[in-house]
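The values are calculated or read from the model by the stated rules, or taken from the named source; none is laboratory data. Not measured: the values here are computed from a predicted model. Methodologically, a virtual Cβ is constructed for each residue, glycine included, from the backbone with ideal geometry; neighbour enumeration extends over all protein chains shown.
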Amino acid sequence: MAGPLAADSFNNPEATALPVYRGRFAPSPSGPLHAGSLVAAVGSFLDARAHGGTWLVRMEDIDPPREPEGAAETILRQLEAHHLHWDESVVWQSQQSLAYQQFLANLHNKSLTYYCDCTRKQIKSRANRYDGFCRNRNVSSETSAIRFRNDNPVKLLHDRIKGSVKPDHDFVCEDFTLVRRDGLWAYQLAVVHDDFHSGITHIVRGEDLLEASAWQLTLWKTMNTLGSYDPQPLPDICHLPLVLGPDGRKLSKQNHAPELNLSQTRLNLVHALHALGLSPEPELTNCHERDILAWGIANWKI
Ligand SMILES: [Zn+2]
């Protein structure tokens, strides 16, 4: 039966062949956005829009002790104030626990996980990085972390900005944690699970996460082999330069970077464009946020 949809796709045979772009901005609500996190938000937004893609927001709220009350809502308000409008419902990692549990069980069923009760101090006293000490120890689950048996690590990255990157060998080979000793989900497990299930095709974020991409792509490839999920192509990765404070250190919540001033959203956006290597005329600051972003999309080169 040929309904209107079928007729449309028949008239446009290339419709299904168009490359899909799904990008995301994934802040952790450990505090409000600052100038550095705005650059990551704007960078991922412009890249998605310049590719005619979909842009999602995911709240990485899996570390309650480090999340001041209301920070997540503040972040969403800050994005809206800068006219960074997302396309689908916000994904809240705090609501994904059952899915993470299933993911963990799927890994466990393939013998890809093990318990580890090593303290940070014990690990440091043995080696620079975790040395797989508990791989065959059959540690009990009480107060243990769960680690990934990292037997086939991705060792070479292809980043759209940085080109070919070979992170430290010991780092990429480390059996990274999936569940922390305090019982909270580790970042790597949550981020890969959610990117995979949201069908993310392009990851654009700050370069402090470049090396961890090796672990994440390893986990993604592993997901493809579990037999539990429809395989997904590895995402394209692109790591943006970090914004440094006056002291030369990365702007971050830990360094007490000031929260974005919402009375100067246009100026904030123009500063973000500069940080992304674009050179707008100063007059752009007088334009509407929507037009500043449109200028960014038109001039996006990465
Ligand atoms: Zn251990």
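Odds and ends about this structure:
- ALA127 exposed (fewer than 14 other Cβ atoms within 10 Å of the Cβ), small (Gly, Ala, Ser), out of contact with any Pro (no Cβ under 6 Å at 6 or more places or on another chain) and modelled with pLDDT under 95: yes
- Residue satisfying all of: in the stretch 130-148; in contact with a Ser or Thr (Cβ under 7 Å, 6 or more places away or on another chain) and either more than 8 Å from the ligand (Cβ to nearest atom) or not hydrophobic (A, V, I, L, M, F, W, C) (or both); nearest to THR222 (Cα to Cα) among these: PHE148
- Residue within the stretch 261-275 that is hydrophobic (A, V, I, L, M, F, W, C) and part of a loop (DSSP other than H, G, I, E, B) present: no
So that you can scan it fast, the table gives a plain yes or no per residue for (1) touching a residue at least 24 places away in the same chain (Cβ under 8 Å); (2) more than 20 Å from the chain's Cα centre (by Cα); (3) under 29 Å from ALA298 (Cα atoms):
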residue	(1), (2), (3)
GLY183	no, yes, no
THR218	yes, no, no
ASN224	no, no, no
PRO235	yes, no, yes
ARG249	no, yes, no
GLN264	no, yes, yes
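- Counting only helices (runs of 4 or more DSSP H) that sit wholly inside the stretch 2-87, those with at least 2 residues that are surrounded by 15 or more Cβ atoms within 10 Å (Cβ to Cβ) and at pLDDT 95 or above are 35-50, 71-81.
- Test set (1) closer than 17 Å to LEU234 by Cβ; (2) without any contact (Cβ under 8 Å) to a residue 40 or more places away in the chain; (3) acidic (Asp, Glu) - ASP159 fails condition number: (2)
- Residues located in the stretch 252-272, provided they are of a type in the set (Val, Ile, Thr) and farther than 12 Å from HIS83 by Cβ: VAL270
- Residue count for the stretch 88-129, restricted to those that are in a helix (DSSP H, G or I) and either within 16 Å of the ligand (Cβ to nearest atom) or of a type outside the set (Ser, Thr, Tyr) (or both): 20
- Subset tally (residues that are within 20 Å of ASP208 (Cβ to Cβ) and among the aromatic types (Phe, Trp, Tyr)) for the stretch 31-56: 1
- Any hit, the stretch 64-71, residues being hydrophobic (A, V, I, L, M, F, W, C), within 17 Å of the chain's Cα centre (by Cα) and away from the ligand (no atom under 14 Å from the Cβ): no
- The set of residues in the stretch 92-124 that are surrounded by 13 or more Cβ atoms within 10 Å (Cβ to Cβ) and basic (Lys, Arg) contains only LYS110.
- Residues that are part of a helix (DSSP H, G or I) and surrounded by 15 or more Cβ atoms within 10 Å (Cβ to Cβ), drawn from the stretch 204-220: GLU207, LEU209, ALA212, SER213, ALA214, TRP215, GLN216, LEU217, THR218, LEU219, TRP220
- Residues located in the stretch 277-298, provided they are farther than 19 Å from HIS85 by Cα and surrounded by 15 or more Cβ atoms within 10 Å (Cβ to Cβ): LEU278, PRO280, LEU284, THR285
- Flag for HIS256 being at pLDDT 95 or above, surrounded by fewer than 21 Cβ atoms within 10 Å (Cβ to Cβ) and over 20 Å from the mean Cα position of the chain (by Cα): no
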